[in-house]
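> Supplied in structure tokens, the structure appears directly below.
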Amino acid sequence: MRERISAVLLRARYAALGAGIGAAIGGLFSRNAASTGGAIGGLVGATVADTRGTVDALLEDVKERDPRSETSDAE
């Protein structure tokens, strides 16, 4: 449950950052562009957070299954 909550909070954080950056860039042009930039930035931020979480989980699965990733004490 804790992992799920932290994933949701990470996604919200990335979405907020993306929305802020998109709105700032769009605000350089006009008020309507700021609104659109914020919306698109929020979607991009949420997508990046979702993709990042998927890639992290996939890498951990690969590390668990790969026999070469285990450390050996044969020194």
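Coordinate-derived values only; no laboratory data. The structure displayed is predicted, hence computed values, not measured ones.
> Between the helical axis of 31-65 and the dominant principal axis of the chain, each derived from Cα atoms, what acute angle in degrees is found, rounded to the nearest 10?
In the chain, helix 31-65 runs at an angle near 0 degrees to the longest axis.
> Please report the relative contact order for region 11-63, taking Cα pairs under 8 Å with a sequence separation of at least 6, and give it as a percent rounded to a whole number. Walk me through the numbers on the way to the answer.
Numbers: 76 pairs, mean separation 20.4, N = 53.
The normalised contact order for region 11-63 reaches 38 percent.
> Compute the Rg to Rh ratio over the chain from the alpha carbon atoms, using the Kirkwood formula for Rh, and round to two decimal places.
Details: Rg = 18.7 Å, Rh = 14.4 Å.
Looking at the chain, the ratio lands at 1.30.
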